[in-house]
Amino acid sequence: MYDYELQRVPVIITTSDKYLPALLPFAYLARSYWSREKEFRVYGFTPPEFVLPPNFSFTSIGEFKDYPVNRWTDALIKIIEEHVKEELFILMLEDYWITRRVSHEAISLAATYMERHSNIIKFDLCADRMYAGGAIRGYDSFGFLDIVKSPPLSAYHMSLMTGMWRREHMLRVLKSQPSEGWTPWDVEIAGTTVLQNMGDLIVVGSEQWPIRHTLAFRSGDSTALRLEDIKREDVATITRLGFLAPWGVK
């Protein structure tokens, strides 16, 4: 099961020029709590001037100026269509900094569960859906996972918090965007309405937390760093390594 998670479910990380420095703390914590072997694919615009660890790759999809925030979904569609060939993938943003050991076993179970249930668009890998209003607990069980179902009418049904997505279903929702495009927040709000109206796709999660992470930034503010959920020893290390210097932490 561990090998399945390690090899077959890629982690796709999106970033933009103003958030590039967040990749170094992300990579350090991912290698500490996830794996030094698993492939992490980063997609953005201007390549970073710093060197990422060997299990991280960076691919530029174009120029930053061509993808303003309201066209965030255009960039994501391009990434998925041109670079993601796997049926299932994990989507994260560069400020999702991991705080505890990741459960490879739980991720493997989630992937197998999705393969057996083709109507699942997303398997939440953190606790986002478990704590969504009205989450249906006891919906199912699989291995040691207690499966919860996200009610279609719950808020942020299309939440971009870390989850495992089915490629074709996600593209189906994203391509319903209006001509002016969607921001990440539009995906979570307007995309939720689209998903609700489709009626044939579901979002699930589990009472177990396969991945625990914090949001290093809030509300799209790349200048306001949040460290309170990260272990003190990890903060000390990434500070010593100079990874927090862009935010004045030395």
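Overview of results
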read-out: Compactness index (Cα Rg / 2.2 N^0.38 Å), region 84-137; value: 1.26
read-out: Options (i) 48, 43, 32; (ii) 56, 37, 30; (iii) 77, 44, 32 - which one matches Cα extents along the principal axes in Å as calculated here; value: (i)
read-out: Estimated [θ] at 222 nm from DSSP helical runs (n ≥ 4, -39500 (n - 2.57)) normalised by residues in the chain, nearest 500; value: -9000 deg cm²/dmol
read-out: D (Stokes-Einstein, µm²/s), Kirkwood Cα radius, region 40-85, 1.306 mPa s at 10 °C; value: 139 µm²/s
read-out: For Q208, net neighbour charge (Lys/Arg +1, Asp/Glu -1) across residues whose Cβ lies under 10 Å away; value: -3
read-out: Sequence-distant aspartates and glutamates (8 or more away, or on other chains) whose Cα lies within less than 14 Å of K18; value: E49, E63, E94, D95, D221
read-out: Burial ordering of T14, T239, fewest other beta-carbon atoms within 10 Å first; value: T239, T14
read-out: Where Rh is the Kirkwood radius over Cα pairs, Rg/Rh for region 160-245; value: 1.08
read-out: Range in the chain, longest, excluding exposed chymotrypsin sites (Phe, Trp or Tyr not before Pro) [loop by DSSP; at most 14 other beta-carbon atoms within 10 Å]; value: 145-250
read-out: Cβ-defined net charge surrounding T237, 13 Å radius [Lys, Arg +1; Asp, Glu -1]; value: +2
read-out: Those lysines that a straight Cα-Cα span of less than 21 Å connects to K175, excepting residues fewer than 8 apart in one chain; value: K78, K85, K122
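Readers should treat all values here as calculations from the given coordinates under stated rules, not as data from a laboratory. If you're wondering where the values come from, they're calculated on a predicted model, not measured in any experiment. Quick reminder, even Gly has a Cβ in these numbers, built from the backbone with ideal geometry, and neighbours come from all protein chains shown.
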